[in-house]
Structures are given as C-alpha cells and as structure tokens.
Amino acid sequence: MKVKAIAALVSATICALSLAACGHRRGPAPGQLTLGMVTDVGGLGDRSFNDSAYRGLLTSKAKLGAYIQVLQSRSAADYQPNLTALTNLHFKMIYAIGFLMGLDLDQVAKQHPDQRYAIVDAVINDPNVVSITFREQDGSFLAGALAAMVSKTHHIAFLGGQDIPLIEKFAAGYEAGAREIDPNIKIDVKYAGSFDDVAAGKELANLLFNDGADIIYTAAGKVGLGAIDAVKSRNDDYIIGVDSDQDALAPGRVLTSMVKKVDVAVFDVARSLQEGKPMHGHVVFGLKDGAIGLTDFKYTRAAIGEANIARLHAIQAAIVSGKIVPPDSLKALADFKPVAL
Amino acid sequence: MGALILSLLVLTLIKATPIIYAALGGVLSERSGVINIGLEGMMAIGAFTAVIVSYATRQPLLGILAGIAAGALLGYVLGVAATRFKVDQIVAGMGINLICAGGAAYGLVLIFNQPGASAQVPALGRHYGVLVALAFVAALVLQWLLTRTPWGLRVRACGENPAALASAGIDPLAMRLAAVTLSGALAGLGGAFLSLGELNLYSDGMTAGRGFIALAAVIFGRWNPLGATAACVVFGLFEALQYVLQGRIAWLPADAMQALPYLAALFALAGITGRVRAPASDGVPY
C-alpha cells in the first residue's frame, strides 16, 4: 500500500515536471533558424561585450524568429565543453564570443567540419568558421575629428590601456582623424599600463588636462572610468568614452562614446544564414554596417554645434565610400595625409 | 616648469598614500613576526567594503571606517591562522588574496547586479587630502609607538625572540594577533583611500598590485615605519615621473617608461641588500 502510494506520487511528479518542461521550454521547430552562443568568462551582465552579443541574438529572435540558447562560461575550462554541447544539439550557427576562445574554437571546429561557427574579435582559419572583427580605427577617426573640432586649446590627448596592436588601432585612427581637421593640433599619448587600475586613469587624465589638453579619448577598459571621474569636476574639458555608450556616466562631460556594436555583427551573420547566403572567412564590420560609430550626442549636441555634426557626417560618408582610409597602425599613421573633402 | 614640478609633487603624494598605509601595516605585522602577504587582498576588501557601506548609508566617512574594520577582520583571520593554527604564513596570505579578489567580484554581482565595477557612490571628493596627510601622521605615530613605548618594545621582541617575551610573562601569540589585526586595518584604509578617497567606486583589480609594492617598501625601508614611508614616496615619485615623461621622450616606448618605478625599486633593493636584516623570527610560527 505504502509502496503504491509512493509510486503514484513519483509518477505524478514526473508527469507534472515533464508537462511543465513542455510548457516552458519547447525545442526548436523543424526548419527553424537555431542560434547558440557561448559567452566568455565575462558572462551575461557584463554591460559590454557579452551583453552586446546577446542583444544581437535577441534581435535575431525577434526579427528572424530564431530559436536561441546561451551557455555561459565560468572559466576558460568551460569553453570547449560548452562549444561541444551546442555542437551536439546541431545548432545552425554557434557563436563564440571573444578572442579568448580562439584556440578552443579552432579545435572544436576541426573536429566538426559540418557545423557552422562564428567568433568575435579573433581570426580563425577554418572553412566552417566566420571570423568577425571590427574597424575600430574608423570610429576612432571620427572621434579624433570631433575632438579637433571641439578643442579650444588645439591640444587633445589619447589615454590607452596597454600599448598593444588592438589599442594601436584606436590610437592611429584617432590621431589621423584629428589631423584631418587640424594638421597642427597637439596630441599627447599616454598609456596606463593596465586595463584595471581605475585610480591611474584618474591621475593620468588630470595630468593630461593640466598639461593643456581639453579632450581625452580613452581606450583603456576600466581605466577609462577613472578618467570620466576626473572630468566631472571640470567645466571646459571632455572625455570621449569607448566600447559601450558611456555618455550618461558624466552627462555633458563625456563628449561622445565610440561604440562597438557586437550585436549588429551577430545579427548580420544570422540574417545572412537565414537568407541562404551564409558568410564565410574573415568578415570585417565598420561604419558602413553601423557596427562602429559615435553615440548621438544626447548631452553634448549644443556644445558641439550643428555645423560640426554636419561636418562629421561628411567625414563619415567619405570613410564609408573609401575616400578616407583611416590607418590601423602607427606605421600606417605615419603615411596618412589629410584628405580634402 | 613650476606648474610641472607642482603636479609632479602632488602626483607623487597621491601615488604614495595608499601604498604607505599598506606598508605601515606590513612593517607592524613583520616586526611582530608575521609576514603579511595578504596586504593586496586586504586593500581590495577595504576598498570594496568602503564602497558598499557608503552606497548603503550615503556616508563616505562611515564607508572609510567600514573599510578599516573589514581590513582588521581579515588581519584577525590571518593572525589566528598564523598564531593559533601555525599555518604557513605565505600560504595563508596568498589564500586571503585569492578569497578577497573572488569575494569582491562576487559581491559586485550580488549587490550591484553587474560584474566588473560598482555604481558610483558618495565619496570624500575634495577632502581626500586629509587622508594623504594622515598617512604621514600615521607613519610618525607608528614609528613612535614601535621605538618609544613598552608596547612597541614588546612587538619588536615578539618578532626577534618570542620565547624571551614569553619568559617575561607576555603572550607572544596575543601580541602577534593584535599586530596583524592592526596591520589589516591599515591596509583596509589604504584600499578605502583608493575607492572613496581618490575615486567613488570599486572596480575589480583596482588595487593593481599596490599591496605587493608595499611589501617591497617594507624591506626597502628596513622594517621601519619612516623608512618604509620614504620608500613609498620614492616609488610614488618614479611613478609620477613616468606618467609625466611618457610621450615626452620620443625614442622611449611607454612600456619602458612603465618599468621605471620597478627598475628603481630593484636597483635600490640590490644596492642595500647586504645591509638589511629582517626581524629574526619574521615568518616563523611560535
């Protein structure tokens, strides 16, 4: 009697659970576009890279009716198991977010040549992997041009995290953009030697401002937060933020932010797959894809002025049309000549 | 030129201050015979707790006090491990560093619902100069305590020959526990200076190795509060110099400039190695 009761209870529970499972977590319909994503250790909620990629998935769900699933990685040891788990579910496209996952994806992709993958910010040379990178120099060029237009002291600055090739793309584009507007502008360049040392960001920003620069473009991760803190107590100086929209962190004192929209790239890859024209190889996103660009000057439009904004649009058009080619390294910067528009 | 020298001086003091607090903690702890390699983690938790309390109460001063208390608590934990349980002090200290870094990162997610950095909270703002001055006052007071008071004599005896202290009827373990707890409090204050003095937020990794620089300053300053303070000021000066010189000397890359303070410390340490002597029972469990 007792055994029967327990058996009934257990089977009832299993039924209830499986019904609940049916109700909430339906699998993909046959033929539905299925997108999987593996975050890097930053995870969802990082307000930058991973969240931006996730927004791209949500857009794909809304606009393409895609079925989406995300696996978060707690440590680098999770990358391969997560990628393999999604591979076994036969998703039509699996996104690996961040260059940290490059080597792991390379191995998994070689083992599963029939599965499509995409990776952000790294270039993997496998036939079944789409490598997505960004033309950070394009947006940085606009940031530099804007800085040169707005600067009253004809003296601006760049604050980098570490002197590495990725950050060089930002520095080279910025300097070239500033020279496009004002060939004789003074540009100070300093590096914090870190992407974490927020206090160093504040100290260096104060130093650059005190030296006479009135606009600083930061490409330094969290070090930039210190620079934004420094500009709050100043009346005539500005910071240009980076990666995500940082304008609201010090309204009116953050001139604009150079945003890198991973979501746009993620959506484009999904859409091309849906349309039957899947992307291959190395795909570079820039201004013309709307994946790189400045914010819309919500707090600083008056300070910049409509004439300058119009000029900025003209430069943006020239970059998109290829008339201006922003340099992506200091070597290319040395050969850069301002282009008459 | 005058403006340049002034900004160099101000920058030197700002750079030195958090390291001075941690280094004073290091001196006190090591003079009592316990190596406190957990200074970095104690700074991080001091910085983190200060921000949380300031966020909750809107009182930055309470935040600073909470940062000190959190550092003291961690110091107490290290003290108990080093005295009662005779744990290897280096291992215990490293454990504290790891727990603190992970704990603060997790706390950010729990409290602010975002990894990486906290929201902006009420901070000292312009009044943070008080904490800069206080660092030097603390150095003088600690120097006086260690060299001119019976308590200081006992702390030093504890680091040289705890058995002799015990034979005089004083419990060396209690002395060490008190010294390490105070050491943690000082490191916590150093962290709180960073998060609520200079800045107004906590961000993962914001202590950026300052606790380890402080350990070097302890040795460089020959386990003396004033000596360690001087070492911190020298380090701050070279850090400030590299900030100012970066980009002014075209053929020197930024990376080389950033190595300047560490090179200076290395040369200074190598130059005086023969003459320094740690407390005889430094790091030796009693």
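The values are calculated or read from the model by the stated rules, or taken from the named source; none is laboratory data. Owing to the predicted nature of the structure, the values given are computational and were not obtained by experimental measurement. Don't worry about glycine lacking a Cβ; one is built from the backbone with ideal geometry, like all the others, and counts go over all protein chains shown.
Counting only residues that are surrounded by fewer than 24 Cβ atoms within 10 Å (Cβ to Cβ) and either touching a helix residue (DSSP H, G or I) at 6+ places or on another chain (Cβ under 7 Å) or in a helix (DSSP H, G or I) (or both), how many does the range A:159-168 have? Write out each step before concluding.
Pass one, the range A:159-168, residues surrounded by fewer than 24 Cβ atoms within 10 Å (Cβ to Cβ): A:162-168.
Still in the running and either touching a helix residue (DSSP H, G or I) at 6+ places or on another chain (Cβ under 7 Å) or in a helix (DSSP H, G or I) (or both): A:163, A:165-168.
The total comes to 5.
Screening A:ASP245 against (1) within 11 Å of chain B (Cβ to nearest Cβ); (2) of a type in the set (D, E, K, R); (3) not in a strand (DSSP E or B) leaves a single unmet condition, (1).
Taking the range A:210-226 as the search range and keeping residues that are surrounded by fewer than 23 Cβ atoms within 10 Å (Cβ to Cβ) and either assigned to a loop (DSSP other than H, G, I, E, B) or modelled with pLDDT of 95 or more (or both), which one is nearest to the other protein chains (Cβ to nearest Cβ)?
Taking the range A:210-226 first, the residues surrounded by fewer than 23 Cβ atoms within 10 Å (Cβ to Cβ) are A:210-212, A:214, A:222.
Imposing the further condition that a residue be either assigned to a loop (DSSP other than H, G, I, E, B) or modelled with pLDDT of 95 or more (or both) reduces the set to A:211-212, A:214, A:222.
Working: A:ASP211: 8, A:GLY212: 10, A:ASP214: 16, A:LYS222: 5 Å.
Going through the qualifying residues, I end up with A:LYS222.
Identify, from the list A:ILE97, A:ILE156, A:ILE132, A:ILE119, the residue that is within 23 Å of A:LEU207 (Cβ to Cβ), surrounded by 20 or more Cβ atoms within 10 Å (Cβ to Cβ) and among the β-branched types (Val, Ile, Thr).
On the way: A:ILE97 fails: within 23 Å of A:LEU207 (Cβ to Cβ); A:ILE132 fails: within 23 Å of A:LEU207 (Cβ to Cβ); A:ILE119 fails: within 23 Å of A:LEU207 (Cβ to Cβ).
Among A:ILE97, A:ILE156, A:ILE132, A:ILE119, only A:ILE156 is within 23 Å of A:LEU207 (Cβ to Cβ), surrounded by 20 or more Cβ atoms within 10 Å (Cβ to Cβ) and among the β-branched types (Val, Ile, Thr).
Do we find a residue being within 14 Å of another protein chain (Cβ to nearest Cβ), under 17 Å from the mean Cα position of the chain (by Cα) and within 30 Å of A:ALA171 (Cα to Cα) anywhere in the range B:190-197?
Step one: filter the range B:190-197 for residues within 14 Å of another protein chain (Cβ to nearest Cβ), giving B:190-197.
Subset that is under 17 Å from the mean Cα position of the chain (by Cα): B:190-197.
If we keep only those that are within 30 Å of A:ALA171 (Cα to Cα) as well, we get B:194-195.
Yes, the range B:190-197 has at least one match.
The C-beta contact set for the range A:185-201 (first residue farther than 15 Å from B:ALA240 by Cα and at the interface with chain B (Cβ under 7 Å from one of its Cβ atoms), second residue buried (at least 19 other Cβ atoms within 10 Å of the Cβ) and aliphatic (A, V, I, L, M), distance under 6 angstrom, 6+ apart or interchain) comprises A:ASP188/A:ALA157; A:ASP188/A:LEU208; A:ASP188/A:ALA213; A:SER194/B:ALA208; A:ASP196/B:ALA208; A:VAL198/A:LEU225; A:VAL198/B:LEU199; A:VAL198/B:MET206. Only one entry of B:LEU39, B:LEU11 meets the criterion of being within 13 Å of chain A (Cβ to nearest Cβ), touching a Leu at 6+ places or on another chain (Cβ under 8 Å) and either buried (at least 18 other Cβ atoms within 10 Å of the Cβ) or of a type in the set (Gly, Ala, Ser) (or both), and that entry is B:LEU11.
Does the range A:141-153 contain any residue that is closer than 19 Å to A:PRO326 by Cβ and within 14 Å of chain B (Cβ to nearest Cβ)? No; the residues of the range A:141-153 include none that is closer than 19 Å to A:PRO326 by Cβ and within 14 Å of chain B (Cβ to nearest Cβ).
This table checks each residue for (1) farther than 21 Å from B:ALA278 by Cα; (2) under 18 Å from the mean Cα position of the chain (by Cα).
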| site | (1), (2) |
| --- | --- |
| B:TYR76 | yes, yes |
| B:VAL109 | yes, no |
| B:GLN120 | yes, no |
| B:HIS127 | yes, no |
| B:ARG148 | no, no |
| B:GLY169 | yes, no |
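Looking at the structure I just gave you, is A:ALA265 farther than 21 Å from B:ILE14 by Cβ and out of contact with any Asp or Glu (no Cβ under 9 Å at 6 or more places or on another chain)? Steps first, answer last, please.
Numbers: farther than 21 Å from B:ILE14 by Cβ: yes; out of contact with any Asp or Glu (no Cβ under 9 Å at 6 or more places or on another chain): no.
Against the criterion (farther than 21 Å from B:ILE14 by Cβ and out of contact with any Asp or Glu (no Cβ under 9 Å at 6 or more places or on another chain)), A:ALA265 does not qualify.
Taking the range A:284-341 only, how many residues are more than 29 Å from A:ALA122 (Cβ to Cβ) and not aromatic (Phe, Trp, Tyr)? So the answer is 26.
For the range B:214-249, a residue qualifies if it is within 12 Å of chain A (Cβ to nearest Cβ), out of contact with any Ser or Thr (no Cβ under 8 Å at 6 or more places or on another chain) and more than 17 Å from A:GLN162 (Cα to Cα), and the qualifying residues are B:LEU241, B:ARG248. When restricted to residues that are crowded, with 16+ Cβ neighbours inside 10 Å and more than 13 Å from A:ASP263 (Cβ to Cβ), the range A:48-83 contains 13. The single condition among (1) assigned by TED's automatic domain parsing to the domain that holds A:ILE68; (2) under 18 Å from the mean Cα position of the chain (by Cα) that A:ILE167 does not meet is (1).
Considering the conditions (1) over 22 Å from the mean Cα position of the chain (by Cα); (2) not in a helix (DSSP H, G or I), A:LYS202 is excluded by exactly one of them, (2). In the set (1) in contact (Cβ under 8 Å) with a residue 24 or more places away in the chain; (2) within 11 Å of chain B (Cβ to nearest Cβ), the condition left unmet by A:TYR238 is number (2).
Is it fair to say B:ALA216 is surrounded by fewer than 24 Cβ atoms within 10 Å (Cβ to Cβ), over 22 Å from B:ILE37 (Cβ atoms), among the small types (Gly, Ala, Ser) and without any contact (Cβ under 8 Å) to a residue 60 or more places away in the chain?
Values: surrounded by fewer than 24 Cβ atoms within 10 Å (Cβ to Cβ): yes; over 22 Å from B:ILE37 (Cβ atoms): no; among the small types (Gly, Ala, Ser): yes; without any contact (Cβ under 8 Å) to a residue 60 or more places away in the chain: yes.
Here the answer is no, as B:ALA216 does not meet what is asked.
When the helices (runs of 4 or more DSSP H) confined to the range B:201-286 are screened for residues that are at pLDDT 95 or above, those reaching at least 2 such residues are found at B:210-220, B:225-245.
Take the conditions (1) within 21 Å of the chain's Cα centre (by Cα); (2) on the phi > 0 side of the Ramachandran plot; B:GLY211 misses just one of them, which is (2).
Given B:LEU134, B:LEU98, B:LEU142, B:LEU108, which one is buried (at least 16 other Cβ atoms within 10 Å of the Cβ), within 27 Å of A:GLY224 (Cα to Cα) and not acidic (Asp, Glu)?
Just a single option satisfies the conditions, and that option is B:LEU108.
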